[in-house]
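Working notes, structure below.
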Amino acid sequence: MASLRELPGAARCVIVGGGVGGTSIAYHLAELGWDDVVLLERNQLTSGSTFHSAGLVGQLRSSVNLTKMMMYSVELYRKLGEACGWVECGGIRLASSEERMEELRRQAGWAKTFGLPLELISAEEAKELFPLMSTDGVLGAAWLPTDGYLDPSQLTLALAEGAREGGARIFTSTRVTGIEPGRVRTERGDIDAEAIVIAGGMFSAELGRLAGVRIPVVPMSHEYIVTQPFRERDPANPLPTLRDPDLLIYFREDGGGLVMGGYERPASPAPVASARSWRSGSRAASRRWTCGRWTCAASARSTARPHTRSSGCSRPTRPTTTSTTRSRSARPGVRCAPRPRTTGTVRAMPRSARSRAGSA
């Protein structure tokens, strides 16, 4: 296993974080010819926030540069194909306000200059493409047939494999305890580096403190649902993804069910482990991180028993209810288990989700 290999004493670049961001950096550096890259992950690849990402891929963004970057991403996912679970099902972006409809009209104008086959459609046409939606309050939509979704964990592993083929070395179960100019300290030894990249996702701010710098990243609580199958899925005609940026809700198919998520406007910051916990995390049978009135207790002895967790928990489980972090009407934390087992009912579903759920 990579975690049992001896760490090198030096590397051209050290990447801290084994999620989709860190492995993507390693992959692209390898493509550029950097063959002396080391990636460090305190647990296993995708064990942070990557594994429970919804995986939606929408190319239309608020700026030209972001749109071009997302177009490149789609080209990469097509190349990786089944290795990342890419499904090019198309995407619908709804407009529930006059301001959003005007924005879609502007974006449709410059999107076509990049070759994006973006079309403006009516609410009724959007419902034909996504029959489960409600058209109440929808003024129009944008349809992009080259959008889609993928499996974030599969993508991470595919990028990691490509990085390894290019010479990168990946070390899991390797906790970073300090970051200094030109040096990364870990519990297994130090590595001198010309370049150090922090790719810790929601933990990047904590990693930044180890380096004595402020990284302005604040993770926010996010609720989502994974339903049980309730419809026959046609692989030849997958359901498109659906976003409503005005009501802060998104949907995509998940087998014969749906994944749907939303943000509440008075959203709360998600709890994360403290820098001290990051540096000195125990390998004991149980871990407990406390942040204010938030507590994450994960038992290492039983992976099957549900546990209460916050988004600061690194244990690779998936939610059984809507929330991966905080529910306003429930006590802090949610009940989690290794596999999702929901019926589509929600504990504290945002009003926006209910308004778009339709017959789902």
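A short reminder: the numbers here are calculations on the coordinates, not readings from a lab. Predicted model only: the values in this text are computed from it and were never measured. Positions of Cβ are generated from backbone atoms using ideal geometry, with glycine treated the same way; all protein chains shown enter the neighbour counts.
Each Lys and Arg adds +1 at its Cβ and each Asp and Glu adds -1 at its Cβ; summed about the Cα centre, region 114-271 shows a dipole of about 780 debye.
A Förster radius of 30 Å combined with the Cβ-Cβ distance from Arg78 to Glu98 puts the calculated FRET efficiency at roughly 0.25.
In straight-distance terms, cross-link reach from Lys112 covers every one of the lysines whose alpha-carbon lies under 16 Å from its own, apart from those fewer than eight places away in the same chain; here that gives Lys68. Around Gly81, under 14 Å between beta carbons, what's the net of Lys plus Arg minus Asp minus Glu among the other residues? Every neighbour counted, the sum reads -3. Residue-wise HN-Hα couplings along region 60-65, as the Karplus relation 6.51 cos²θ - 1.76 cosθ + 1.60 with θ = phi - 60° gives them from phi, are 6, 10, 7, 9, 5, 5 Hz; Gly and Pro carry x. Local charge for Met71 was computed over the other residues whose Cβ lies under 15 Å away, with Lys and Arg +1 and Asp and Glu -1, and equals +2. Each Lys or Arg adds one and each Asp or Glu takes one away; over the other residues whose Cβ falls under 13 Å from the Cβ of Arg231, this sums to -3.
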